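One structure is given here, and the rest of the page talks about it.
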Amino acid sequence: MAGTALPRRLNWQLGRVVELVGETDRTKSIVLNVPDWQGHRAGQHVDVRLTAEDGYQAQRSYSIASAPEDPHLVLTVERLDDGEVSPYLTDVLTRGDELELRGPIGGYFVWEASLGGPLLLIAGGSGVAPFRAMLRHWSATHSSVPTRLLYSSRSLDDLIYGAELLDGYYDGVDVRIALTRQWPDDWQGHRGRIDGELLHQVAWDPGDRPLVYICGPTGFVEAAAQALVGDGHDPRRVRTERFGPTGT
Amino acid sequence: MAPISRGFFGRRQRVEDPSRVPPGQYVTGDFPVLSAGPTPHTPLDEWSFTIGGRVDEQVSWTWEEFLALPSESPTVDIHCVTKWTKLDTTWRGVSVDRLLSAVTTEAAYLTAWSDGGYTTNLALEDVTDGKAWVAYEFGGEPLESEHGGPARLLVPHLYFWKSAKWVRGLTLTPDDAPGFWETYGYHNHGDPWLEQRYQGD
């Protein structure tokens, strides 16, 4: 992106909703056909713009949850009860509607096969969205990069992409789920919040120089990043993205 | 004219003075945190602030020396490229004019650099004449590390990624060289009133 080419403006373009997938009670994936889409890298995001009849507009950013290799662009949106844009996207938007967006945006919180690994993805809640793009890219390129996803969710019901993640769609990816509030009696995964001890187990040895991506609410991201740096991981190998409602 | 989003009415904010909100922004009472990597925690006795690069003589201040410089207490509106705007934020810090008065330079640009490796580029004219500070208090309290403490650049008339967190120095340069986000697709200048979010805007 930092080449010598003249910057090309990211124009607003229209995508048509081809499918809406209910991921959880609060979260939907919007599958879009964007005829003029020029491709993206896994981890990038788009700006979405809504326009009311009187011309009033609102814009927000959403991570792209589909791989560059996927046929459609997918955005996964969590409904924020006091939000302005997300309730529209989860509750009002229907198949066949058009959605205005521009992107792709951001060039740092991206992973592509050439960046190597080992690759550690740490997600809190809806922060898992950009990692779906990375995992699907990993699969599509038949990557041999050792990859782990550590995903913290309140309960199984709140798990986004639960079917994909639990049913072995990403064959070869080590998926670890931490349930923080509620878990089945026979739950084999981690119970409770992601803590330093769990990170120490999952994050490889600092000498292996894993490339770490953390995405979630601010407190989650801060805690995970500090634990890893405190454990000896190179801060410059730890990339972070904050997600969800503003706050703190 | 953008197409109408069927069934979208919007939750219009009652902002006292809408002329203070740049296009595409919404007002928040929160102070969201955004950064590309872990929060650095440099001990204050190892902290210094340096003006170097194309200057007659490089100058540095320790933390104590920096706090002893004459300070200002600006109240400003800040605008993040991720769409939030926060009005009437109160800061305390040293004006960049004051810091630059310690050196002689013919440079026209600078790169602000931070603990953790972050950089951002600015034209000198965008940080002089009372337009920028190195701030160490927010809302009357020491600036929290999540928000860039112990000290961050404050350039409120540009998108907030230009207000480098954890700033440790300014390197003056004759030519403009893109910083961190500027090489990752964000606009080189970042004027929120012109909605200069991304390259080409």
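Every read-out reported here was derived from the displayed coordinates using simple, explicitly stated rules and does not represent laboratory data. The model shown is predicted, which means the values in this text are computed figures rather than measured ones. No Cβ is skipped: glycine too gets one built from the backbone with ideal geometry, and neighbour counts run over all protein chains shown.
Taking amide hydrogens as placed 1.01 Å from N in the peptide plane, the amide H of A:ARG239 sits under 5 Å from those of A:VAL212, A:TYR213, A:ILE214, each at least 5 positions away in sequence or on another chain. The sum of -39500 (n - 2.57) across all DSSP H runs of n ≥ 4, divided by the residue count of chain A, sets its helix-only mean residue ellipticity at 222 nm to -4500 deg cm²/dmol. Per residue, the average separation of C-alpha pairs within less than 8 Å and at least 6 apart gives region A:140-248 a relative contact order of 21 percent.
Within the listed set A:ASP36, A:ASP82, A:ASP54, the Gaussian network model of chain A (springs between alpha-carbon atoms below 10 Å) gives the highest mean-square fluctuation for A:ASP54. Tell me which trypsin sites (Lys or Arg not before Pro) from region A:94-186 have a DSSP coil assignment and no more than 16 other beta carbons within 10 Å of their own. Those satisfying the criteria are A:ARG95, A:ARG154, A:ARG181. Backbone amide hydrogens, once placed in the peptide plane, bring A:VAL175 within less than 5 Å of A:LEU149, excluding anything fewer than 5 places away on its chain. Taking a threshold of 32 Å on the Cα-Cα distance, which of the pairs A:LYS28/B:LYS86; A:LYS28/B:LYS83; B:LYS83/B:LYS131 fall above it? Going by Cα-Cα distance, every pair falls inside the 32 Å limit. Only helices enter this figure: runs of n ≥ 4 DSSP H residues, each worth -39500 (n - 2.57), summed and divided by the residues of chain B, yield -1500 deg cm²/dmol at 222 nm to the nearest 500. With both labels modelled 7 Å from their Cα along Cα-to-Cβ, the A:LEU166 to A:ARG191 distance reads 1.7 nm. Evaluating 6.51 cos²θ - 1.76 cosθ + 1.60 at θ = phi - 60° for every residue in region A:79-87, the Karplus couplings come out as 6, 9, 4, 9, x, 9, 9, 4, x Hz, glycine and proline recorded as x. Using the Cβ of A:ARG148 as centre and a radius below 9 Å, the other residues enclosed give a net charge of 0, where K and R count +1 and D and E count -1. Residue by residue, region B:9-17 carries 3J(HN,Hα) couplings of 10, x, 10, 5, 7, 8, 9, 4, 10 Hz when phi is fed to the Karplus relation 6.51 cos²θ - 1.76 cosθ + 1.60 (θ = phi - 60°); x denotes Gly or Pro.
Between B:ALA123 and B:SER101, the distance separating the two model label sites (each 7 Å from Cα on the Cα→Cβ line) works out to 2.4 nm.
The label-point distance for B:GLN13 and A:VAL21, in a model that sets each label 7 Å from Cα toward Cβ, rounds to 3.4 nm. Each residue of region B:173-188 was assigned a 3J(HN,Hα) from its phi angle through the Karplus curve 6.51 cos²θ - 1.76 cosθ + 1.60 (θ = phi - 60°); the sequence is 9, x, 10, 7, 10, x, x, 4, 5, 5, 8, 9, x, 8, 5, 5 Hz, with glycine and proline shown as x. Loop-located GluC sites (Glu not before Pro) in region B:4-76 (DSSP state other than H, G, I, E, B) with a sparse environment of at most 10 neighbouring Cβ atoms within 10 Å: B:GLU16, B:GLU57. The angle between the Cα long axis of helix A:129-140 and the longest principal axis of the Cα atoms of chain A comes to about 80 degrees, rounded to the nearest 10.
Exposure proxy for B:GLU125, A:GLU98: other Cβ atoms within 10 Å of each Cβ, ordered fewest to most, give B:GLU125, A:GLU98.
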